[in-house]
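The values are calculated or read from the model by the stated rules, or taken from the named source; none is laboratory data. All figures in this text were calculated on a predicted structure; none of them were measured in a lab. We place every Cβ from the backbone using ideal geometry, glycine too, and count neighbours over all the protein chains shown. Calculation scope for accessible area: heavy atoms of the full protein, side chains included, ligands and nucleic acids excluded. Shrake-Rupley method; radii C 1.70, N 1.55, O 1.52, S 1.80 Å.
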Amino acid sequence: MLKTRAGDGAVKLFGALMVLTVAMFTASLFVGYAAISLPDGLAALFGSGDPLIVTVMQEIRLPRTLLAAMVGLSLGLAGAAMQGFLRNPLAEPGLIGVSGSAALGAVIALQTGFASAFLLALPVSALVFAAGAVGLILLLAGPRGSSLTLILTGIAVSAFAAALTSLALNLSPNPYAASEIVFWLMGSVADRAMTHVWLALPVMALGWLALITLGHGLDALTLGEDAAEALGVSLSSLRLQLLLGTAAAVGAATAVAGAVGFVGLVVPHILRRFAEGRPSTLLWASALGGAAMVLAADLAVRVILPDRDLKLGVVMALIGAPLFLHLIYKTRREIA
Amino acid sequence: MTFLTLDSLTVRRGACPVVDQASLTIAEGECVGLIGPNGAGKTSLLRGALGLLPIEGQSSLADLPPRHRAAQAAWLPQKREIAWPMSVERVVALGRLPYLARGATLSAQDQSAVDAALHRMGLDGFRQRIATQLSGGEQARVLIARTLAQDTPLLLADEPIAGLDPAAQIATLDVFRSLAGEGRAVLTSLHDLSLAARYCTRLIVMHQGRVVADGPRDDILTKEMLADVFDLRAEVLDTAEGPIVQPLGVLHASTAPQTGAHG
């Protein structure tokens, strides 16, 4: 009798996604304004060769590539976790208001001029606001609140953050400040330094750890909250872990890259079929897929209109929205 | 051996007790039917017994740590949910989660429990089918197989045969009875009184949150009980296959406002 071993398909999926992500990562390092050959670039990454090329590789390309991968990983992973928890393919990490609040923190830093106080002033301010949003959600939704309370609280927090962001724009002292805010909100990983990586990485890593270990509980939740709890899953600690993990990963991503949408929504949606519907497989698959997708979008930013400073968030939405529509079109019979 | 002991279990919704001082025990080898009209508190009793609701009083299961409890009792909720398009085999394998270490894959023992559960529910040919694309009745069988894969001494089921065709209803109850025969125990709420009478070794009757009767079927299924609890005019016919309850009409004895539940 033919029997599928659990994990057979998963190994193939892992391999394919790894190859894709590594390919995108490499392309991101070597495609850019300055043409640098592969051997020169590689040597420069490790600090040898032409000092100019070393600077370009180590201080411009490497942080940009690393941040694109980290942001994509965070958003993909958090999206898969959120969809698994809410058992809803329309859920996305921004739902709990963390990204909106982080953006508000950044905008306030830009508006008040705090952003230029020191290099990391803006991302730190964004992180503080993201943490504040989680605190507020925990306070309002309660540790044992239902998932519906969690969503509604998240929507309220998001709406309030969006209103305050508009207010900051409204009251911006001059058109330059306003345009700076608007451009920041579009999301980008260009012109970031390794210090941004070092700020975001520890926070994100904690978030990744919290999210990737949710697999067991999310698998059980496939059968509904009651059945999952009877299978030994503690829903209240699962919810807390999800909330803190998403806040850390997505808050840090927004803090260093601005608002990049659609990754957390589209990537799990594309990969669900390949993960054979299993939420636990989808977690790491979406993490890798998210990294590959943001790396690809950031490549597109550089290749399509190199002179016009196209923003990552804009390109991501331009890719993401039609892709999402296509997926809905393909699966509408299943959804109906 | 006793698998479940409830002692003065009370479940409140607001101030109103939906389960009121229920005490009962379920022992090895029993297939117990929990019967009662809608709103009698059957579901709340089962969920309270598992510790899925805040309770007053004692439940031997609710006292256990979650993982330990999951190895003692499987729970089949009334609401049939399969959120994602997984294969039938994968859904059934979810029953093995309480035994899996974080990130571990199924062991040979897990796999054989899954195979046995699939076989028992007649799902051998459905292994690779996507569970969400099956009919409602087939999904119900998949979810029952999932609880069987959990391989626990006790199975608690909330209206497991609602929405199944007659053959699947009988097949499911046959499985429950054979589980009891193997030294396990089943506590299941049922609405079909004739099937409850034929397949259960013992019946527990709930009415307005209270356990009003508990015993062998012949003591329980009387015209008086059916009138008092179910508001039914009914005949209980004795056949070679066991009693058949034939409801004939609705009495209107209980349409007046009830005050008894708060007593």
Single match in B:Ala83, B:Ala71 (criterion: under 26 Å from B:Gly137 (Cβ atoms) and in contact with a helix residue (DSSP H, G or I) (Cβ under 9 Å, 6 or more places away or on another chain)): B:Ala83
Matching helices (runs of 4 or more DSSP H) fully within the range A:242-336 where at least 2 residues are away from every other protein chain (no Cβ under 14 Å) and within 28 Å of A:Gly135 (Cα to Cα): A:263-271, A:279-304
Return the pair list, or none, for Cβ contacts closer than 6 Å from residues in the range A:193-207 that are in contact (Cβ under 8 Å) with a residue 24 or more places away in the chain and of a type outside the set (Gly, Ala, Ser) to residues that are open to solvent by less than 40 Å² (accessible area, probe 1.4 Å) and not in a helix (DSSP H, G or I), at least 6 apart or on different chains. A:Leu199/A:Leu120
Got a sec? Which of B:Gly41, B:Gly51 is without any contact (Cβ under 8 Å) to a residue 40 or more places away in the chain and buried (at least 17 other Cβ atoms within 10 Å of the Cβ)? B:Gly51
Given A:Ala287, A:Ala296, A:Ala300, which one is under 27 Å from A:Gly9 (Cα atoms), out of contact with any Phe, Trp or Tyr (no Cβ under 8 Å at 6 or more places or on another chain) and aliphatic (A, V, I, L, M)? A:Ala296
Only one of A:Val303, A:Val267, A:Val263, A:Val314 is more than 20 Å from the chain's Cα centre (by Cα) and of a type in the set (A, V, I, L, M), namely A:Val303
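Just need a number here: residues in the range A:298-312 that are in contact (Cβ under 8 Å) with a residue 24 or more places away in the chain and either open to solvent by 40 Å² or more (accessible area, probe 1.4 Å) or touching a helix residue (DSSP H, G or I) at 6+ places or on another chain (Cβ under 8 Å) (or both). Lay out the reasoning, then the answer.
The first filter runs over the range A:298-312 and keeps only residues in contact (Cβ under 8 Å) with a residue 24 or more places away in the chain, leaving A:298-299, A:301-303, A:306, A:309, A:311-312.
Now narrow it down to the ones that are either open to solvent by 40 Å² or more (accessible area, probe 1.4 Å) or touching a helix residue (DSSP H, G or I) at 6+ places or on another chain (Cβ under 8 Å) (or both): A:298-299, A:301, A:303, A:306, A:309, A:311-312.
Here the count works out to 8.
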For the range B:74-123, what are the residues that are among the acidic types (Asp, Glu) and over 19 Å from B:Ser178 (Cα atoms)? B:Glu81, B:Glu89, B:Asp110
Exactly one condition in (1) within 21 Å of B:Phe176 (Cβ to Cβ); (2) surrounded by fewer than 23 Cβ atoms within 10 Å (Cβ to Cβ); (3) within 14 Å of another protein chain (Cβ to nearest Cβ) is false for B:Thr5; which is it? (3)
Which is of a type outside the set (Gly, Ala, Ser), farther than 21 Å from A:Gly97 by Cα and either within 23 Å of the chain's Cα centre (by Cα) or surrounded by fewer than 19 Cβ atoms within 10 Å (Cβ to Cβ) (or both), of A:Val182, A:Val189, A:Val203? A:Val189
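The rows are residues; the columns are (1) surrounded by fewer than 24 Cβ atoms within 10 Å (Cβ to Cβ); (2) farther than 14 Å from A:Met82 by Cα; (3) β-branched (Val, Ile, Thr).
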{"position": "A:Thr246", "(1), (2), (3)": "no, no, yes"}
{"position": "A:Ala257", "(1), (2), (3)": "no, yes, no"}
{"position": "A:Gly264", "(1), (2), (3)": "no, no, no"}
{"position": "A:Val267", "(1), (2), (3)": "no, no, yes"}
{"position": "A:Leu288", "(1), (2), (3)": "no, yes, no"}
{"position": "A:Ala291", "(1), (2), (3)": "no, yes, no"}
Please specify each residue of the range B:70-93 satisfying the condition of being open to solvent by 10 Å² or more (accessible area, probe 1.4 Å), within 7 Å of chain A (Cβ to nearest Cβ) and within 20 Å of the chain's Cα centre (by Cα). B:Pro77, B:Lys79, B:Glu81, B:Ile82
Of all residues in the range B:216-233, count the ones that are touching a residue at least 40 places away in the same chain (Cβ under 8 Å) and not in a helix (DSSP H, G or I). 1
Open to solvent by less than 20 Å² (accessible area, probe 1.4 Å) and among the aliphatic types (A, V, I, L, M): does that describe B:Leu237? no
Just a yes or no: is a residue in the range B:55-66 at the interface with chain A (Cβ under 7 Å from one of its Cβ atoms) and open to solvent by less than 40 Å² (accessible area, probe 1.4 Å)? no
If you scan the range B:112-126, which residues turn out to be in contact (Cβ under 8 Å) with a residue 40 or more places away in the chain and buried (at least 22 other Cβ atoms within 10 Å of the Cβ)? B:Met121
Regarding the range B:101-111, can at least one residue be identified that is open to solvent by 50 Å² or more (accessible area, probe 1.4 Å), facing chain A (nearest Cβ under 8 Å), of a type in the set (Val, Ile, Thr) and under 22 Å from A:Pro279 (Cβ atoms)? yes
Quick check: anything in the range B:17-36 open to solvent by 60 Å² or more (accessible area, probe 1.4 Å), more than 11 Å from chain A (Cβ to nearest Cβ) and closer than 23 Å to B:Val186 by Cβ? yes
Elements of type strands (runs of 3 or more DSSP E) in the range B:127-215, at least 1 residues being within 13 Å of chain A (Cβ to nearest Cβ) and either open to solvent by less than 10 Å² (accessible area, probe 1.4 Å) or out of contact with any Cys (no Cβ under 6 Å at 6 or more places or on another chain) (or both): B:154-158
Return yes when A:Arg239 is open to solvent by 10 Å² or more (accessible area, probe 1.4 Å), touching a residue at least 60 places away in the same chain (Cβ under 8 Å) and charged (D, E, K, R) and no when it is not. yes
